[in-house]
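Following: one structure in structure tokens, then a few remarks.
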Amino acid sequence: MNTRLPVWQASDLEGHPAPALSDFGGRPLLLLIFSIGCPGCKARALPFAREMALTYPGLQVIGLHTRLEGPEYSSAQIGGIAEVYHLPFAVYVDDDHLAYDALGAEGTPHWILADADGKVVRSIFGSMPNALQRIDLAVRELLARE
């Protein structure tokens, strides 16, 4: 893998431009690309992302809500989901799936793990077999090296 995190276009829940992915440097980063219209995202990915953020304080976790098709969700609805799941990390919005495309996501949920230098070390589509176990193992291996 070892490609760099790309430039992305996303916004925060108030509609302001999101920080560049390079601004998250200095610590490993786990990015969850999700949609609140995705049952697997709500049932497995969002709770797992919360668990990862709480279990590994040396890991930065961020969420990226993307819209591929289906209903449009407001920032209030997306923020409401973040509150319901008590997400201890920032969630950004990708209404036109430009960031999704730039990151090479394959669907939702999709996980991108980057090292402290912004090199992508894993990209895992969340519907792949054992995806959550693979992410947890990759995070533990990466944190042990950092």
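The calculated 222 nm mean residue ellipticity attributable to helices in the chain amounts to -8500 deg cm²/dmol, summing -39500 (n - 2.57) over DSSP H runs of n ≥ 4 and dividing by all residues.
Taking Cα atoms only, the orientation of helix 75-84 departs from the longest principal axis of the chain by about 50 degrees.
At full extension, R140 and D12 could sit 43.2 nm farther apart than now, given 0.36 nm per residue minus the alpha carbon distance. Database remark: amide H of W8 closer than 5 angstrom to the amide H of L21 (H placed geometrically; neighbours at sequence offset of 5 or more, or on other chains; Pro and chain starts carry no H).
The loop-placed GluC sites (Glu not before Pro) in region 1-104, going by DSSP, that have at most 15 neighbouring Cβ atoms within 10 Å of their Cβ come out as E14, E69, E72.
Taking each residue as 0.36 nm, the span from A43 to V84 lengthens on full extension beyond its C-alpha to C-alpha distance by 13.5 nm. Considering only C-alpha atoms, what is the centroid distance from region 61-114 to region 18-32, in Å? Cα centroid to Cα centroid, the span is 14 Å.
Of the trypsin sites (Lys or Arg not before Pro) found in region 11-106, none is in coil by DSSP with at most 16 other Cβ atoms within 10 Å of its Cβ. Taking the longest Cα principal axis of the chain as reference, the axis of helix 131-145 is set at about 50 degrees.
Structural descriptor for region 18-132: relative contact order 35 percent, calculated from alpha carbon pairs under 8 angstrom and at least 6 residues apart. Here the spin labels are modelled as points 7 Å beyond Cα on the Cα-Cβ line, and at D117 and S75 they lie 3.6 nm apart. The charge dipole of the chain, taken about the Cα centre with unit charges on the Cβ atoms of Lys, Arg (+1) and Asp, Glu (-1), comes to about 540 debye, rounded to the nearest 20.
Every read-out reported here was derived from the displayed coordinates using simple, explicitly stated rules and does not represent laboratory data. In this text the structure is predicted, and so the values were computed from the model without any measurement. For neighbour counting, all protein chains shown are included, and Cβ atoms are generated from backbone atoms with ideal geometry for every residue, glycine included.
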